[in-house]
Amino acid sequence: MEKINEIINRFEFSGSLVECRVFGSGHINTTYLLTFDDCGKTNKYILQQVNPNVFKNIDSLMDNIFKVTSYLRNEIRSCGGDENREALHYIKTRDGKNYYIAEDGSYFRSYVFVENSVTYNSVDNPDLFKASGVAFGRFQRLLSAFPAESLFETIPDFHNTEKRFQTEFLPALAADVSGRAASCENEIEFVKARHNYCSRLVDLQAQGKIPTRVTHNDTKLNNVLFDKDSGRAICVIDLDTVMPGLALYDFGDSIRFGANTAAEDEADLSKVLINLDYFRAYAEGFLSEAGHSLNETEKSNLAFASLLMTFECGMRFLTDYLNGDVYFKTEYPEHNLVRAKNQLALVADMEKHLPEMEEIINNL
Ligand code: ADP
Ligand code: GN1
Ligand code: MG
């Protein structure tokens, strides 16, 4: 790869570079925080290397992001909001492109760092989680009139759990390229025994009982920027998977990550439980913005969707473990297996508490 300084020089940044450091904790892309000095004024930018194994069509991906961010910026401005804090602002390359292709074929893009912002990797109070629910619910509401058909599907069938089971999990198991299947028989059996979960939402969608909407599809807590001072959730980020999807995916994926009493890769499974207070808080926040547009079938599947998104993610980590860690970034050899066990333990706990989760939704 070209040296990072040469890549930085390709973008329209103002000032001279003071610092470049790796930033954030995403599992897919590599993110850098750049600090520039512009005659005494500090300018910060995010530079991101997009993972080409995951996102194959960078032109269409970046086109999606530019369309969505321009639309959001207009909506936010017309509601009297601050589009520079509440929506991402991408920086073009010096030759006017949306991204830069490095010599080794990897892609880089950049956006303005939202000042005085912070992201969280875990929830320590329900208000914080509720605020993220407001942000993702609002994101969905603001995009409700956006033409979904104009968006490219950056990862086709991203949350089609049945397709993931049939075309990714089972083939990975059959091939067992890393010889790891013997070490995770319990997890494999756990997933197979729950195959009946996989098609429930896509079937309801195919029957026209739940509508396709423009959704974020990766609603992890650390994909929302919070204001450091006010604690308010200000901006939804990580827009690579904004595509036509189901509101239930966005709700469920947030619960998967934020209502787990432990981190997604906690190895001590006795710490992995569903926190019902956090579940309630998120539901209150999300539904306060997006709730009025949900139909009865969507509402009655919010609890199940939380379980399904957790199951799907567990199955994806297990698949990647079987495939030899080719998709998610890992920090040690068993990392994907630890993540899979964790997510499947959370599924088991959600199964026990599903009636209470449903009750919470009914009472809202
Ligand atoms: P990934 O796809 O790898 O998860 P993200 O787009 O979520 O990448 O970025 C990784 C992290 O970088 C985020 O969790 C956040 O902490 C930080 N970040 C990204 N964009 C911005 C921004 N515009 N302003 C401030 N922080 C940002
Ligand atoms: C990935 O990029 P990041 O870290 O926000 C993944 C999500 C998973 C998540 C699990 C494009 O999200 O689908 O739910 O890891 N993103 C992609 O933590 O596959
Ligand atoms: Mg992210």
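The values are calculated or read from the model by the stated rules, or taken from the named source; none is laboratory data. As the structure is a computational prediction, the values presented were derived from the model and not from experiment. Quick reminder, even Gly has a Cβ in these numbers, built from the backbone with ideal geometry, and neighbours come from all protein chains shown.
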**Request:** Go through the range 18-47 and give me each residue that's more than 20 Å from Tyr107 (Cα to Cα) and loosely packed, with under 15 Cβ neighbours inside 10 Å.
**Result:** Val18, Glu19, Asp37, Asp38, Cys39, Gly40, Lys41, Thr42
**Complete:** Quick count over the range 10-29, residues being over 25 Å from the mean Cα position of the chain (by Cα) and either under 18 Å from Asn116 (Cα atoms) or touching a residue at least 60 places away in the same chain (Cβ under 8 Å) (or both), is 5
**Message:** Just the residues that are loosely packed, with under 14 Cβ neighbours inside 10 Å, outside any loop (DSSP other than H, G, I, E, B) and in contact with a strand residue (DSSP E or B) (Cβ under 7 Å, 6 or more places away or on another chain), please, taken from the range 6-17.
**Reply:** Ser16
**Request:** State which residue is nearest to ligand 2 (Cβ to nearest atom) when the search covers only the range 30-51 and only residues that are more than 17 Å from the chain's Cα centre (by Cα) and closer than 17 Å to Asp238 by Cβ.
**Result:** Ile46
**Request:** Quick one: count up the residues across the range 52-71 that are without any contact (Cβ under 8 Å) to a residue 40 or more places away in the chain and crowded, with 18+ Cβ neighbours inside 10 Å.
**Result:** 0
**Request:** Give the number of residues within the range 263-294 that are more than 16 Å from Asn363 (Cα to Cα) and either in contact (Cβ under 8 Å) with a residue 40 or more places away in the chain or assigned to a loop (DSSP other than H, G, I, E, B) (or both).
**Result:** 14
**Request:** Would you mention how many residues in the range 189-233 are surrounded by fewer than 20 Cβ atoms within 10 Å (Cβ to Cβ) and hydrophobic (A, V, I, L, M, F, W, C)?
**Result:** 4
**Message:** Take the conditions under 23 Å from Glu162 (Cβ atoms), surrounded by 19 or more Cβ atoms within 10 Å (Cβ to Cβ) and not acidic (Asp, Glu) and apply them to Ala281. Does it pass?
**Reply:** no
**Request:** Under 9 Å between Cβ atoms, at least 6 apart or on separate chains: pull out the pairs that start in the range 199-226 with a residue that is on the phi > 0 side of the Ramachandran plot and in contact (Cβ under 8 Å) with a residue 40 or more places away in the chain and end on any residue that is charged (D, E, K, R) and within 16 Å of ligand 2 (Cβ to nearest atom).
**Result:** Asn217/Asp240; Asn217/Asp250; Asn217/Asp253
**Request:** Check whether at least one residue in the range 24-33 is away from ligand 3 (no atom under 16 Å from the Cβ), in a strand (DSSP E or B) and at pLDDT 95 or above, and report yes or no.
**Result:** no
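To keep it simple, each residue is scored yes or no on (1) under 23 Å from Val338 (Cα atoms); (2) touching an Asp or Glu at 6+ places or on another chain (Cβ under 7 Å); (3) aromatic (Phe, Trp, Tyr).
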| site | (1), (2), (3) |
| --- | --- |
| Lys192 | yes, no, no |
| Asp203 | no, no, no |
| Thr212 | no, no, no |
| Val224 | no, no, no |
| Leu248 | no, yes, no |
| Gly252 | yes, no, no |
| Phe257 | yes, yes, yes |
**Request:** Could you tell me which numbered condition Ile234 fails, if it satisfies all but one of (1) within 16 Å of ligand 2 (Cβ to nearest atom); (2) touching an Asp or Glu at 6+ places or on another chain (Cβ under 8 Å)?
**Result:** (1)
**Request:** Would you check which residues across the range 165-203 are aliphatic (A, V, I, L, M) and within 25 Å of the chain's Cα centre (by Cα) and list them?
**Result:** Leu170, Ala172, Ile188, Val191, Leu201, Val202
